[in-house]
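Coordinate-derived values only; no laboratory data. No experiment lies behind these values; they were computed from the predicted model shown. Positions of Cβ are backbone-derived with ideal geometry, glycine not excepted, and every protein chain shown enters the neighbour counts.
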Number of protein chains: 2
Amino acid sequence: MAQWAYYNNDFVLESDCAVPAGDLAVQRGYGVFDFFRTVAATPLFLDEHLQRFQRSAAELRLPIGKSDAELKTIFTQLIQKNALPDSGIRLTLTGGLSPDGFAIARPNLIITQQPMSRITASFEQGIRLATYKHQRQLPQAKTIYYLMAIWLQPWLTQNSADDVLYFSNDGVTECPRANFFIITAGGIIITPANNVLKGITRAQILRLAGEKANERPIALAELKTAQEAFITSTTRQILPVTAIDGVAVGNGKPGPITRWLAEQLMAEIRRLV
Amino acid sequence: MAQWAYYNNDFVLESDCAVPAGDLAVQRGYGVFDFFRTVAATPLFLDEHLQRFQRSAAELRLPIGKSDAELKTIFTQLIQKNALPDSGIRLTLTGGLSPDGFAIARPNLIITQQPMSRITASFEQGIRLATYKHQRQLPQAKTIYYLMAIWLQPWLTQNSADDVLYFSNDGVTECPRANFFIITAGGIIITPANNVLKGITRAQILRLAGEKANERPIALAELKTAQEAFITSTTRQILPVTAIDGVAVGNGKPGPITRWLAEQLMAEIRRLV
């Protein structure tokens, strides 16, 4: 089914939405993006996503060229044109068509929408992670740099894992497209504070966890004693981590605190829409 | 002036050469490229460039979909159509239009040509480098990942430098788009062997240097005692490095061994065309 998209200043069919081959995104992998959900035509946590999009663009020195109000109008029109109330909307901002293939030029802004179910189906199944040493560059910006994440896909299969958990000298950091949390034996909900992308769902979980939350480094050794672990993202919301590097987390099933947080997040979303 | 390009299976105007916004190059910065010179309509070191392009594509699991012979025919036709005997030709191979925005799909192949002078004008002026700690991922592949290189441009200006020299725990490695060499007081021509892209001009220099060449790590401290230093690339061929982090290399002018190597490289190119 043909979807509408928005490209710079116009609504176009997504299939007609193409970036010049000379754009720095294609030539040099230089660009940023953001991604949010809509439920019943209501964008979730939109201001938070737009703030992060602005921060990412500023970090890469890319002018967005549209105000938040203008962007919100475009989102509303896009949802109507596509008749897609439950969706994911992605904003991509590229480095632009550079005359010398290196200097930042006028960015191209692309907004696309895709259908997305309200329910994350795989909660009960959970996911298995495998650790890999890697630090994303400019981790605070949501850049389009996913070279390692895509390159590691066969390695994940070889290691019977569903996703990567990056670590560096300071401990574990994040998954390529999700934040990572552990829950200690004492019921403290921990997620790393530094060298990670600050997820919007991550912020909601920290808010819901209240005094039980602690942002601090997580050493690799702590993974073995964690009672529960989970990841958060806009797409997957909360997913229990059942195993890391082939070792079960807790009893290898979704844990009670993870389940409680997921229920609270769902309740919050129901309040918003 | 409108240039012809080649896109998948057709010659198109470069201005019409655009990559779907859903391509993994735009969505995830996933792709490889190579770049070679033509002089008097003769591609320089073409087999070496095509071998490296194949290796880069294989490393990222991207099928090129064309034989070397087919590519060579396209290059010949492109040079004729554009009437550009002295040029640079770039091949870009993207991750393709991925249904889920993550899995590798059928790559898009883009071949573009740009005018390029035979003479590297800035040899006498040389270039000033500033060191920065960074390790490119998958350094042996010529990926489109240049996030740090572009992000560092204002930092270079602040540090009165023309280009970055990356270093890691094992010493200096390379510039974002060039290999790096030093010449010791004993006249030995040294370039790092590991964690760098193996440049085609680099290989020519090693061949010309013969027994005087040594591929080994270069510690940061060695930069201060180097008699000469230079960078090599297809675009810049050989350029003397006159200063690193604000400190003059040797007497701060192009040195005799660098000059001799540049003359040998020019002589080799004259033999080929």
Label geometry 7 Å along the beta-carbon vector: B:Ile188 inter-copy distances in nm: 5.2
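Give me the inter-chain shielding for A:140-146: mean count of other chain Cβ atoms within 10 Å, whole number please.
Mean number of neighbouring Cβ atoms from other chains: 5.
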Rg over Rh, two decimals, the range B:59-119 (C-alpha only, Kirkwood Rh): 1.09
Of every Cα-Cα pair in the protein assembly as shown, the percent that sits beyond 43 Å: 24
Equivalent ellipsoid semi-axes - Cα gyration tensor, the range A:105-212, angstrom: 23, 19, 18
Cα-centre dipole for the protein assembly as shown with unit charges at Cβ (Lys and Arg positive, Asp and Glu negative), debye to 20: 300
The range A:1-157: Lys pairs at Cα distance under 23 angstrom, eight or more positions apart or on different chains: 5
Using θ = phi - 60° and Karplus 6.51 cos²θ - 1.76 cosθ + 1.60, couplings along the range B:14-30 (whole Hz; Gly, Pro as x): 4, 5, 9, 8, 9, 9, x, 4, x, 5, 5, 5, 7, 7, 9, x, 9
Label geometry 7 Å along the beta-carbon vector: A:Asn214 inter-copy distances in nm: 5.2
Estimated FRET transfer efficiency (A:Leu138, A:Val273; beta-carbon r; R0 45 Å; 0.05): 0.85
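On average, how many beta carbons from a partner chain sit within 10 Å of the beta carbon of a residue in A:28-35?
The shielding value for this peptide is 5.
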7 Å along Cα→Cβ, label-point gaps from B:Glu124 to other copies, nm, shortest first: 7.9
Normalised convex hull volume, the range B:161-273, alpha-carbon set, Å³ per residue: 96
Cα centroid of the range B:96-163 to Cα centroid of the range A:101-162, whole Å: 22
Taking only Cα atoms of the range A:1-98, radius of gyration then Dmax in Å: 13.6, 40
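How big is D for the range A:1-46, in µm² s⁻¹ as a whole number, if Stokes-Einstein is applied with the Kirkwood radius of its Cα pairs at 25 °C and 0.890 mPa s? Present the calculation step by step, with values, prior to reporting the outcome.
On the way: Rh = 13.0 Å.
Result for D is 189 µm²/s.
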Spread of Cα-to-Cα distances over 10 Å intervals beginning at zero, given as percent, for the range B:87-137: 18, 21, 31, 22, 8, 0
Debye log10 I(q)/I(0) for chain B, one point scatterer per Cα, at q = 0.07, 0.10, 0.13, 0.14 Å⁻¹: -0.26, -0.54, -0.91, -1.04
q = 0.18 Å⁻¹, the range A:35-194: log10 I(q)/I(0) [Debye, one scatterer per Cα]: -1.31
